[in-house]
Structure formats: structure tokens, C-alpha cells
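K.L.:
Have a look at the structure that comes next, please.
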Amino acid sequence: MKKIFFISLLFCGFVAQSQTSFKAWEVQINKDNCTAESVLKEPGRFWDAHIGGVTGGGKEGISSTEIANAKKMMEAFENITKPKLQFTGGLAKASFGLNSKIYYNQFSACSYTYNLGFHAFVCNVQTHKLAIVDEYQGVLRVNGNPSFQKAFNSFQGNADAYKIPANSPQVNAPFIAIFNYYGFANSRVVNAINKGDGFIDLNSEQAGNLSPYPVIENKPGKGYGINFPNSGFVTVNNDFVYRHAFITHSDIPFFIPITRKKFLQDMLEYYDREKPELVANMQDRIKNLAKTIIESEKVQSRYLQDQKNKQVLQEQSARDILAVNEQKKQAVTRLLQSKDEKWLNQHAVVQPDNKSFTVPYNRNIDSKEIYGNFYFTEFYTGSEGFNLYQINPEYLKKYPPNGTKPALIDVMYRFKPNYIFLMGVKESFIDQLNLDEFRKLLQ
């Protein structure tokens, strides 16, 4: 495998470089009489797109100290990856980027990404000159403090009502416990994160409850695919595969199970926050409809009677909200008081289609306005549910507020199995990375 040519465009600083098109690179490479086969063997190039320390992304709510620390860590990510950068057939473009501020439970974390996009070389069919594809399909992203897909994220009413403290004016204030749950359908994903000792191929860039079948396998003679219970092994060779290595401290798990007891206790907290929001929302609807009825009476609208009928339903719904909220709390309290510790300490599992939160149907009203988001009925006990987890509070004790290093690192490579160029990058570069070198960067 040929070594990468490391080239930096220093024409007029970063601004000039950021405006430099791929045409400039094509001129530098200056290859005539290429073929589709020869471009695959062309030595790879490296484009440093963060010369001068430029860091992209939004900076709202992120301090100058956090930005400086993030830059140091992204430089450390690059120092690990760049010496091992070997591939042919394209150009790797590097950049630094800040992500939105995130919370691990109530622990504030700065999230940042070292991005290395792989642009393929192609041969112009008319001029037979080498060209570079403008958009990358393959990409290595090294994420410090990555985010994970939350199990629950929808609200009834004002989202600020569910913050800590309630109605906090802070944009980045954390939310109550139930909105810090994560759902995993496959235990292999959780184990890969907690053990942090190797790669796992998934069907999404962000891990969490995006699919009941997130794990992709590479089977000899078949390629990459997903095992479905009913249809068997289905290949995904034409789709993106996301190869993750989650770098964590292996002596303590990052994710721990949510017990039924904790789930029910956190649900009571949610019901207390939800009730005033549902009531206020319904009162606004009643006031607005009353104004509409006054105007309809003035013009003798033919919709007047329908509006009055709706008014009766809304007034009844306002009373029902209080009754239903009390029913929900009683159902949860009854389980907490009647079930033994063995039952309460079992892992909380819900169904993928959220049948555990069935809202009674009524075609005359929007049931969500009365029942809210979580009309809990039962835990799921089948084999295809989402197991609920939380980030381990004991793990986070290792990381003081505004820590200079990440709590964990996600090394992710996106590729298509049928794309020769990207598979070459995977085999000669990605698979050769030493994950222990990333672990040394943890707080």
C-alpha cells in the first residue's frame, strides 16, 4: 500500500484555502490518460481543512475554555489517526467541528468531532483526466462525548416545564430523568459500548433505539446484512454501514439498566409536570374557541352549532384531564406498592410500537390532549422489546464539570460494502487503528 501524500494549501491562509476548489487539487495531481482502474491505484491525498485552528459548528452555550479544550482533543484525535492514514484512490479532507451541548444525565458535556471525509478519484470519460468527487460518501468521525438516541423525546405543552429546574431560562438546561432514558433492542450494542474493546457494525450513525435490528453482520459469501426473524438474512451491500468503536473505561459500565421501580418513580415525576401543561393547553383552546363562537354569532355562521358542540367537548375534556392524570398516578402507585422487590428490580422493557403507553381512541377528540404522552398500562415481557438504560452515575463521577478530556469516544467509519474505494480505506486504514491509543485520551 502506498503512503499518503500530505499536502497543505498555504496560499493565503485558511480563507484562501477554504475557497480552493477540488479543481486545484486535480491540477496538482495532473493525471492524463487515466482509466477507471488506474485511479483506484492512485496514491491518496490529505487535505488539512482546519489550518489556523479553525473549528466549525455552533458555539452557543460553549465557553472559550471548552472550545480550547475541544480543539486540543481534536488535534489529539488527528495525531492518532493521521500517521496511520494509508489508502489509494481518493482524497481525505480533515476538519474540526463543535456539536450542540449535551447532557449525560444532569452532567453537562461539550461534544466535538474530528471529521475525515473520503472523496473518491474518478476518471473523466471524455477527457480521460483524473477528477475528484465533490461530496464524500465515506467518512471517519471521531466524536468526543457523542450523543445517543433517546428513548423518549416528545412533550405535551411547553418543553421548558420538563427542565431542571422547571421552566429554566437556560437553553441548555437538563431535562427530568425520563427524558434521559436510552432504548436498545439488541444487547450486543450495549455490550459494545460498555466493553469498549472493538468494532461493531450498525445501521445508523447514532446508536440507540432507532431500529429493532441495528446490528449488521458480515457473512462469507453473502456480504453485509441484517438477520430478520421472518425474512432471514437480508443484505445491505448497497447501503451505508456504520462501523463503530466505542472507547470507554472497561472497568465500569457506561450504561446500566433502568429497573421497573425507577421507571415507575420517574413516571410519577413526569405526571406531576405534565398535568398543568395539559390543563393550560386546554384552557387556551377553550378561550380561543369562545372568541370564535362570538364572531360566528355575529355573522350567523352555519358552523356555529358545530362550534358550540365542540365547546361542550372541550369543557368536559378540561375536567377529564384532572381525572385521567389521577388515574395514571394511581395505576403507577398501585404497582409500586403491590409488587415485590424481585418484580420491581427487573429490567424495564417497552415495545417498539409503544403499546405499553396505549391512549384510548375517541374520534371526537384528540386523546393526546387528555391522556398526554404516557398512559402506562404494562411492561413488555416478549423477546423483541426495547430495553431501557440510563448513563451510569458512578461512571460520570470520574469526570468533573468542564473536564478537559471526554467521558467516552466514538470512532465511527461510514462506508458502502460494494464501493471498492471505501472498502480499501476500511481495510488499509480503519481496521489498522489502535483503539487503546484513544482510550489513553479519556478523562
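K.L.:
Which entries of K129/K426; K41/K93; K150/K287 show an alpha-carbon separation above 30 angstrom in the structure shown?
P.N.:
Listed pairs above 30 Å: K150/K287.
K.L.:
For the pair Q106/D134, report the inter-label distance in nm, with labels modelled 7 Å from Cα in the Cβ direction.
P.N.:
Here the answer is 4.9 nm between the modelled labels.
K.L.:
With every protein chain left in place, what is the accessible area per residue of the chain in square angstrom, probe 1.4 Å?
P.N.:
On the way: 21660 Å² over 443 residues.
Accessible area per residue, the chain: 49 Å².
K.L.:
Gap in Å between the Cα centre of the stretch 184-237 and the Cα centre of the stretch 105-180?
P.N.:
Spelled out, the Cα-based centre of one part sits 20 Å from the other.
K.L.:
Quick check: pseudo-label points 7 Å beyond the Cα along Cα→Cβ at Q432 and K222, how many nm apart are they?
P.N.:
Label at Q432, label at K222, 3.1 nm between them.
K.L.:
Enter the per residue convex hull volume of the stretch 333-443, computed from alpha-carbon coordinates, in Å³ rounded to the nearest integer. Write down the numbers at each step before the final one.
P.N.:
Numbers: hull volume 29.6 nm³, N = 111.
Taking only Cα atoms, the stretch 333-443 has a hull volume of 267 Å³ per residue.
K.L.:
Now for a separate question. Using the Kirkwood radius built from alpha carbon pairs, what does the Stokes-Einstein equation give as D for the stretch 59-99 at 10 °C and 1.306 mPa s, in µm² per second?
P.N.:
132
K.L.:
Computing the accessible area with a 1.4 Å probe over protein heavy atoms, can you report the carbon and sulfur percentage for the stretch 102-207?
P.N.:
Exposed carbon and sulfur together represent 48 percent of the surface.
K.L.:
Within the stretch 59-99, whose backbone N sits under 12 Å from a point 7 Å along Cα→Cβ of V171?
P.N.:
Those under the cut-off are 59-63.
K.L.:
Grab the Cα-Cα distance for T377 and H249, subtract it from 0.36 nm times how many residues apart they are, and report the gain in nm with one decimal.
P.N.:
Between T377 and H249, full extension yields an extra 42.4 nm.
K.L.:
Leaving out ligands, DNA and RNA, and with a 1.4 Å probe, what % of the accessible surface on the stretch 214-354 is carbon or sulfur?
P.N.:
Accessible surface attributable to carbon and sulfur in the stretch 214-354 totals 48 percent.
K.L.:
Mean separation of Cα pairs under 8 Å and 6+ residues apart, divided by the residue count of the chain: what relative contact order is that in percent?
P.N.:
Details: 812 pairs, mean separation 84.6, N = 443.
Reported relative contact order: 19 percent.
K.L.:
Relative contact order for the stretch 121-223: what percent, with Cα pairs under 8 Å and sequence separation of 6 or more?
P.N.:
This gives 23 percent for the stretch 121-223.
K.L.:
Okay, moving on. Kirkwood hydrodynamic radius for the stretch 156-312: how many Å is it when counted over pairs of different Cα atoms? Mind dumping the intermediate values first?
P.N.:
Numbers: mean 1/r = 0.0486 Å⁻¹.
By the Kirkwood definition, the hydrodynamic radius is 20.6 Å.
K.L.:
Using all alpha carbons of the stretch 167-232, what is the percent of pairwise distances in each 5 Å bin, ordered from the shortest bin to the longest?
P.N.:
Pairs per bin, as whole percents: 3, 13, 19, 19, 15, 11, 7, 6, 3, 2, 1, 0.
K.L.:
Let me ask another. Per residue and in Å³, how big is the convex hull formed by the alpha-carbon atoms of the stretch 107-161? Could the numbers behind the result be given before it?
P.N.:
Details: hull volume 9.2 nm³, N = 55.
Looking at the stretch 107-161, the number lands at 167 Å³ per residue.
K.L.:
Let me ask something additional. Quick one: grab Rg to one decimal and Dmax as a whole number for the stretch 63-178, Cα atoms only, in Å.
P.N.:
Reported Rg and Dmax, both Å: 20.2, 64.
K.L.:
Please compute one quarter of the surface area of the Cα convex hull for the stretch 260-346 and express it in square nanometres.
P.N.:
6.5
K.L.:
Please work out how much accessible surface E394 shows to a 1.4 Å probe, ignoring ligands, DNA and RNA, in Å² rounded to 10.
P.N.:
Its accessible surface works out to 100 Å², give or take rounding.
K.L.:
Identify which of the listed values of Rg and Dmax of the Cα atoms in Å was calculated from the structure shown: (i) 20.5, 62; (ii) 27.0, 83; (iii) 23.3, 78.
P.N.:
(ii)
The values are calculated or read from the model by the stated rules, or taken from the named source; none is laboratory data. Predicted model, so just to flag it, every value in this text is computed and none were measured. So basically every Cβ, Gly included, is an ideal-geometry build from the backbone, and we count neighbours across all protein chains shown. Please note that ligands, DNA and RNA were not included when accessible areas were found on the heavy atoms of the full protein model with its side chains. Shrake-Rupley method; radii C 1.70, N 1.55, O 1.52, S 1.80 Å.
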